[in-house]
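**Q** Structure in structure tokens, see below.
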Amino acid sequence: MHFTHDTALALQGAAALVNTGVRREGDVDELATVSDLEDFVRRWRWTGRRTRDRAELDEVRALRPRLATFWEADEEGVAELVNTLLAEAQALPRLVNHDDLGWHLHATPDDAPLASRMAVEAAMAFGDVLRANELRRLRVCEADDCRDVHVDLSRNRSRRYCGTTCGNRMAAAAYRERQAARPTGDGGPADGSGAAMEDEA
């Protein structure tokens, strides 16, 4: 399934925003300060008005659990949340062309609050996912100790992990299990010491 560039970017940005929160024991909130939000905004190339204060940070933080619902809801729930987010912001789609993104849709004024712009961009993107009957692409990382969300944009819906860190870690763990299960004396390492070399090959 091929989504437009702005839809794919909005989906990935929404997942990244959700994942800044505390989703499992030992997590650290990655949007704890205004400076953290500055870094996030810069990384995901958000444009438009900013207040750069605690109120703006709190509004964005409050958006995270609402966006997380997209990964938990059925079709009706996704549609309801999309419509709610669009209505709250009084969204009015228009075509824009800025930076190197080409023509794409914005549905809020540039001077709308940052959290509103984030909510609407996400809502429009998840609406595209629903219309394409592709909710299966909204996934939770399959690593044993990770609950981060991600969007599987692969051609054959084969992505299992939120990123390469979890993927490599689970591959190394599987390698160690295979090595431990080998009969002794077969010439292979039984302690998993070859895992790193296998991953790099």
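The values are calculated or read from the model by the stated rules, or taken from the named source; none is laboratory data. All figures in this text were calculated on a predicted structure; none of them were measured in a lab. As a convention, Cβ positions derive from the backbone with ideal geometry for all residues, glycine included, and neighbour counts pool all protein chains shown. Side chains are part of the model used for accessible areas, which takes the heavy atoms of the whole protein and leaves out ligands, DNA and RNA. Shrake-Rupley method; radii C 1.70, N 1.55, O 1.52, S 1.80 Å.
**Q** What number of residues in region 62-75 are open to solvent by less than 70 Å² (accessible area, probe 1.4 Å) and either not hydrophobic (A, V, I, L, M, F, W, C) or not in a helix (DSSP H, G or I) (or both)?
**A** Number of matching residues: 3.
**Q** When the residues of region 81-109 are filtered to those that are open to solvent by 30 Å² or more (accessible area, probe 1.4 Å) and of a type in the set (S, T, N, Q), which remaining residue is farthest from residue 121 (Cα to Cα)?
**A** 97
**Q** Does residue 15 qualify as being small (Gly, Ala, Ser), open to solvent by less than 20 Å² (accessible area, probe 1.4 Å) and in contact with a strand residue (DSSP E or B) (Cβ under 6 Å, 6 or more places away or on another chain)?
**A** yes
**Q** State all residues of region 25-61 that are of a type outside the set (D, E, K, R), exposed (fewer than 12 other Cβ atoms within 10 Å of the Cβ) and modelled with pLDDT under 95; if no residue qualifies, say none.
**A** 26, 28
**Q** Name the pairs: first residue in region 94-107 and among the charged types (D, E, K, R), second residue in a loop (DSSP other than H, G, I, E, B), Cβ to Cβ under 8 Å, at least 6 apart or on different chains?
**A** What qualifies is 94/107; 99/45; 99/47.
**Q** Answer yes or no: is there a residue in region 125-142 that is open to solvent by 40 Å² or more (accessible area, probe 1.4 Å), of a type in the set (Val, Ile, Thr) and touching a residue at least 60 places away in the same chain (Cβ under 8 Å).
**A** Checked against the condition, which is being open to solvent by 40 Å² or more (accessible area, probe 1.4 Å), of a type in the set (Val, Ile, Thr) and touching a residue at least 60 places away in the same chain (Cβ under 8 Å), region 125-142 yields at least one hit.
**Q** Can you give me the number of residues within region 92-135 that are at pLDDT 95 or above and not β-branched (Val, Ile, Thr)?
**A** 22
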